[in-house]
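Nothing in this text is a laboratory measurement; each read-out follows from the coordinates by a stated rule. Everything numeric in this text was worked out from a predicted model, so none of it was measured. So basically every Cβ, Gly included, is an ideal-geometry build from the backbone, and we count neighbours across all protein chains shown.
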Amino acid sequence: MFSKKIISLTLAGVLLASAPITSVNAASKKVETKQAEVNKYQNQLTDLSNQVKNIDNQINDTEKQISDKKDEIAKTEKTIKDKNDRITYLQGRITKRNNIIKERLQKMQEQPRSNLVTEVLFNSSSIMDFFSRISSINTLFQADQNIIDDQKTEQAEVVKEKQSIKDKQDTLVAAKQDLVNKQNDLANSQKEKQQAMNQATNQLKQAVAELQAAKEDATRLEQESLRLAELQDASSPSDSSQPTGPVASGNSIVDYAMQFTGVPYVFGGTTPSGFDCSGFIWYVYSHTGHSIARGNVATYWNQVTKVSSPEPGDLVFLKDTYISGPSHMGIYIGGNQMIHAGSKGIGTVSLSSGFVRSHFLGYGRF
């Protein structure tokens, strides 16, 4: 009768243990998928942030160029004013010369028609007077020619200065407009990037929330697996073939770990207020002279030296309990037992239990 009860309990334990396998695999895959989504959106956000910073720098550079161009325009406007003053001055001189030339022409028209050379010849009192009169006429003609030449030169200068001013104005206005257009394009691009950043931020928040939910589901499955392990231990007959020595209470790591017996299980917990499995290992080892960083089970499995025969204080690793790969761990205390953060908190479990044996990965030592 007793053996039938044992068989019934064992069968129930096996059935319950096999029930969450599909859920565990699905939860593991979901966590990995959501983590990949979080990583993708984080990378997108970082890339967009860098693009926005680059655009900000370009906008600042463009604003400086616009400011410099405004200064150049201001200087050019002063130059234009000086040139306009010069043009006004030249135009005044040109007007005066025009009046002088016009006056001379009028006087010449008022004089009776005659041969100027003949008049000089017959009206001269002497040969010296004749040449003196001829020299005066030449001087007068040369002065008139100089006036005409200066008039042409300064008129050409006025035309050239006006064209130079126009060209300079057109160049500066076009350059400033190009910079303004560039600034507008950068502002529009910045706006688009900012909108994309806002969208990526919202997607990241959603992905983080979904990842957290997936981790909570995985944690629930882990705790369920641990409870099933305890059920199996309760329903399985004692394995007398395994050694059962006294707990190595003299080991400082084991002694320190044992004093936290009964501390509740808290996902992500790393203090005596609550531990998860890797948080418990980190706390115990970091308070017994070991310098280790906070990590997960897979991290510690990759860091330890693998051993085949454990000693008290070594680590026991399990795999595929709620996610694929290294997923649970405890401290070997001797007597074929380990202390770990189980579903009921910090407690001990036999390495002979069906759950531990079916998920056993190996032993490690820091």
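Close amide H partners of LEU351, meaning residues 5 or more places away or on another chain with modelled amide H under 5 Å apart, are GLN337, MET338.
Spin-label model, ASP150 to THR305: label points 7 Å out along the Cα-to-beta-carbon direction sit 10.7 nm apart. Let me check I've understood the local charge: for ILE333, count other residues with C-beta under 13 angstrom from its C-beta, Lys and Arg +1, Asp and Glu -1. What total comes out? It works out to a net charge of -3.
Counted by Cβ distance under 14 Å from ASN251, the other residues give a net charge of -2, where Lys and Arg count +1 and Asp and Glu count -1. Under the simplified labelling scheme, the LYS75-ASN184 pair shows an inter-label distance of 2.8 nm, with each label point 7 Å from Cα along Cα→Cβ.
Residue by residue, the stretch 338-348 carries 3J(HN,Hα) couplings of 9, 9, 7, 8, x, 5, 9, x, 6, x, 10 Hz when phi is fed to the Karplus relation 6.51 cos²θ - 1.76 cosθ + 1.60 (θ = phi - 60°); x denotes Gly or Pro. Segment LYS96..LYS53, full-extension length gain: 9.1 nm, with 0.36 nm per residue of separation and the alpha-carbon distance subtracted.
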